[in-house]
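The values are calculated or read from the model by the stated rules, or taken from the named source; none is laboratory data. Predicted model, so just to flag it, every value in this text is computed and none were measured. Backbone-built Cβ (ideal geometry, glycine too); neighbour counts: all protein chains shown. Areas reflect the complete protein model, heavy atoms only, side chains present, ligands, DNA and RNA absent. Shrake-Rupley method; radii C 1.70, N 1.55, O 1.52, S 1.80 Å.
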Amino acid sequence: MEQLRDLFINPQIQVLDELSPTAVLASLGVAAFCGFIIFLVYRFFNRGVLYSENFNLLILMVSVVTAFIIITIGTNLVLTLGMVGALSIVRFRAAVKDPLDVGFLFWSVGAGLTAGARLYTIALIGTAFLAVLYIAFTLVRFDKRAFLMIVRYSNATEAAVATELGKIRYKLKNKTVNAEFTEITAEVKVRKNDTSFVDAFRQVENVHDVVLVEYTGDYA
């Protein structure tokens, strides 16, 4: 308690570490560079259904904002305690729809934390490693993509459609039947954009519609 009281009474020991403007600019510069790398990775290798430019800019901003928060925490204890109290009452109500977006946010925060702590080598190596890892897994997944196939046909054609389904690998997601028509939704894997199997369904008599929609694990 005495040491904590002295920190508030004696202003000379409140400053934990003096930073020159050059050091501050270096930390913010590294954070911005790492954030820009994350920005490019998200821009060109995003796996979500919709690309959000605003969210991508947020990723870049979070990296820089986190960096100068860490710079402040590392230089002044009083400001640190005040900032912790201020941040504790902040509430973020914007929902993150894609789980991968959460990973990009944590990646941006991690880059800002290490850059703000002046661990530049860790920030750069960590950002580069994650970028290469994510791009590698994304390119591998590009070879085989998941789609939802929606087939609408007359009930009398059930046997013919079942025969065509037996020729491909699929997972049945939904089936709707009424007095005249049947509609099924199946998850299928497509390699190198080869959708020739759709033509086989189209040639079946009394098949009215065949639709392919890329499937990312969320119907919304």
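Remarks
- Filter result (more than 18 Å from D209 (Cβ to Cβ) and either open to solvent by 90 Å² or more (accessible area, probe 1.4 Å) or in a loop (DSSP other than H, G, I, E, B) (or both)) within segment 155-173: G166, K167, R169, K171
- Evaluated against (1) within 30 Å of V65 (Cα to Cα); (2) surrounded by 15 or more Cβ atoms within 10 Å (Cβ to Cβ); (3) in contact (Cβ under 8 Å) with a residue 12 or more places away in the chain, L119 falls short on exactly one condition, (3).
- Qualifying residues in segment 176-220 (those that are of a type in the set (D, E, K, R) and touching a Phe, Trp or Tyr at 6+ places or on another chain (Cβ under 7 Å)) - the one modelled with the lowest pLDDT: E214
- Filter result (assigned to a loop (DSSP other than H, G, I, E, B) and open to solvent by 30 Å² or more (accessible area, probe 1.4 Å)) within segment 46-69: N46, R47, V49, L50, Y51, S52
- Residues that are among the aliphatic types (A, V, I, L, M) and either surrounded by 15 or more Cβ atoms within 10 Å (Cβ to Cβ) or in contact with a strand residue (DSSP E or B) (Cβ under 7 Å, 6 or more places away or on another chain) (or both), drawn from segment 123-136: A123, L124, L130, A131
- Checklist (1) touching a strand residue (DSSP E or B) at 6+ places or on another chain (Cβ under 8 Å); (2) in a helix (DSSP H, G or I) applied to A146, failing item: (2)
- Residues in segment 174-210 that are open to solvent by 30 Å² or more (accessible area, probe 1.4 Å) and part of a strand (DSSP E or B): N174, K175, T176, V177, F181, E183, K189, R191, H208, D209, V210.
- Selection count where residues are open to solvent by less than 40 Å² (accessible area, probe 1.4 Å) and either hydroxyl-bearing (S, T, Y) or farther than 24 Å from I69 by Cα (or both), scope segment 21-45: 3
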